[in-house]
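This report concerns only the one structure given below.
The values are calculated or read from the model by the stated rules, or taken from the named source; none is laboratory data. Since the structure is predicted, the reported quantities are computational estimates derived from the model, not experimental observations. For neighbour counting, all protein chains shown are included, and Cβ atoms are generated from backbone atoms with ideal geometry for every residue, glycine included.
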Amino acid sequence: MVTIAVDAMGGDHAPKAEVDGSIRAARSFGVKIILVGKQDLLRKELAQHEGIGGLPIEIQHASEQVTMEDTAAKAMRSKRDSSIRVASRLVRDGVAQGFVSAGNTGAVMATAKTVQGMLPGVDRPALASAFPTLKGKPVIVVDVGANVDSSPRMLAQFAVMGDIYSRVAFRTHKPRVGLLSIGEEEHKGNELTRAATPLLKLLPINFIGNVEGSDIFAGETDVIVCDGFIGNVALKVSEGLVEMIYSMLRESLEATITRKIGYVLSRTAFQDFKKRVDYSEHGGAPLLGIKGVCIITHGRSNANAIKNAIRVAAELTSGNLNKRIEAEVRHSHGGSSAAKAD
C-alpha cells in the first residue's frame, strides 16, 4: 500500500480540509495516510467523522506550524519540528513515499530539497502545473515558480521531467514539448530561450519548437517549458483570468435567465466550465527532481483538492516517476552523473 504524508497544518482551511480530503482519498484510492500536525487538533477533527475506524489513517505529531508570513529560511532554521519538515522526513526515511502540502510554497520547496535531497543528475527542482486547454486534456507547464532564474541546461532538464510526468500522470504516448517564447521562430526570444533550443533538439523527446503564450490553452502542446519567473507570472495571470470569467458568467446567468428550462441548461454548461478550469480537480503541482514525491497545492485548497493531490502523489509513486526521471536525465544531454551543489 502506498503511504502519503499530509501536512495537515498548512492550508487556509487547515486542518479541516486536509482531514476531510485525506478521509476521501483513503476511501477512494486505497492509500495509507499519515496526517502530520498538532495531534490534539487532528484527533478532534477526526472525531467529527463517523465510520472511519477501519481506514488506514494515522497521526504523526508535529509541534510547530509554518505560516504564510514565514520566509523559507526562517522555516528551515527555526521551525525544525514543523508539519512540513516532519512530513518531508517521513518521505526521506522511507515511512511514506510522498507528501502533500497546501502550506507556504517557498518553505515546502526549500524543505523538500534539503531534507529529501535531489535526484542524481538534476540540478534544480521544478514545479509542474496543469493548465486547462480547449482540447480538454491539460497541458503541463514547467517551471511555474521553483526557480526565478534558470539556465539553458536547467530548461533541458525541465523538458525531460515534464515529458515523463505527462506520460505517467496523463498517459500521453508521445508528449509534444514546446519552449515558451515570444514567437515560433527560433531567432525570437531572449538569450535563455535561444541558448536552450539546441539542447532541447538533442533530447530524446518530441520537441516541437517555440510556442507562444496564446498556445498554452490551445491544446496543441502537452508540455511547455519556461523559467520559473515567467511560468509563475503565467500561472497567476491564468488564475486571475479564470476567476474573472467565472464571476462574469455567473453574473450574466443570474441577470438574463428568465425561463426555468433555460436556467437549467445554462446552469449545466456553467458547472461543466467550472469543473474544467477548477484547480482542485488536478490536485496541485508536483515538485519534480527531488527524491520521493512532493505535491504542493493551492493555499486555499478544499477537501477535493487535497483528495486529488493525494491521488496524484500515489499515481506518481506507482508510476516510478523518479526512477524514470533519473534514468532519462542521466542519458540525456540535459543531465549529468551527479547533481551539482548549489
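Things to note:
Let's see how each residue does on (1) in a loop (DSSP other than H, G, I, E, B); (2) under 21 Å from LYS291 (Cβ atoms); (3) among the β-branched types (Val, Ile, Thr):
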| residue | (1), (2), (3) |
| --- | --- |
| LEU42 | no, no, no |
| GLU45 | no, no, no |
| GLY54 | yes, no, no |
| GLU69 | yes, no, no |
| ILE84 | no, yes, yes |
| VAL100 | no, yes, yes |
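- Tallying residues that are of a type in the set (A, V, I, L, M, F, W, C), touching a residue at least 12 places away in the same chain (Cβ under 8 Å) and farther than 18 Å from ALA309 by Cα within the range 29-54 yields 4.
- Residue within the range 251-273 that is exposed (fewer than 12 other Cβ atoms within 10 Å of the Cβ), at pLDDT 75 or above and not assigned by TED's automatic domain parsing to the domain that holds GLN116 present: no
- Single residue of VAL19, VAL6, VAL36 found to be under 19 Å from the mean Cα position of the chain (by Cα) and aliphatic (A, V, I, L, M): VAL6
- Filter result for the condition that a residue is assigned to a helix (DSSP H, G or I) and under 23 Å from ILE296 (Cα atoms), over THR111, THR133, THR197, THR193: THR111
- Each residue in the range 56-67 was checked for being part of a loop (DSSP other than H, G, I, E, B) and surrounded by 14 or more Cβ atoms within 10 Å (Cβ to Cβ), and 4 of them qualify.
- Flag for ALA130 being of a type in the set (Gly, Ala, Ser), in contact with a Gly (Cβ under 9 Å, 6 or more places away or on another chain) and surrounded by fewer than 24 Cβ atoms within 10 Å (Cβ to Cβ): yes
- When the range 120-153 is filtered for residues that are aliphatic (A, V, I, L, M), touching a Lys or Arg at 6+ places or on another chain (Cβ under 8 Å) and within 23 Å of THR172 (Cα to Cα), nothing remains.
- Selection count, the range 122-180, where residues are more than 20 Å from GLU328 (Cβ to Cβ) and more than 18 Å from the chain's Cα centre (by Cα): 5
- Note on the range 73-94: among residues that are in contact with a helix residue (DSSP H, G or I) (Cβ under 8 Å, 6 or more places away or on another chain) and either among the acidic types (Asp, Glu) or under 26 Å from LEU316 (Cα atoms) (or both), the one that is surrounded by the most Cβ atoms within 10 Å (Cβ to Cβ) is ILE84.
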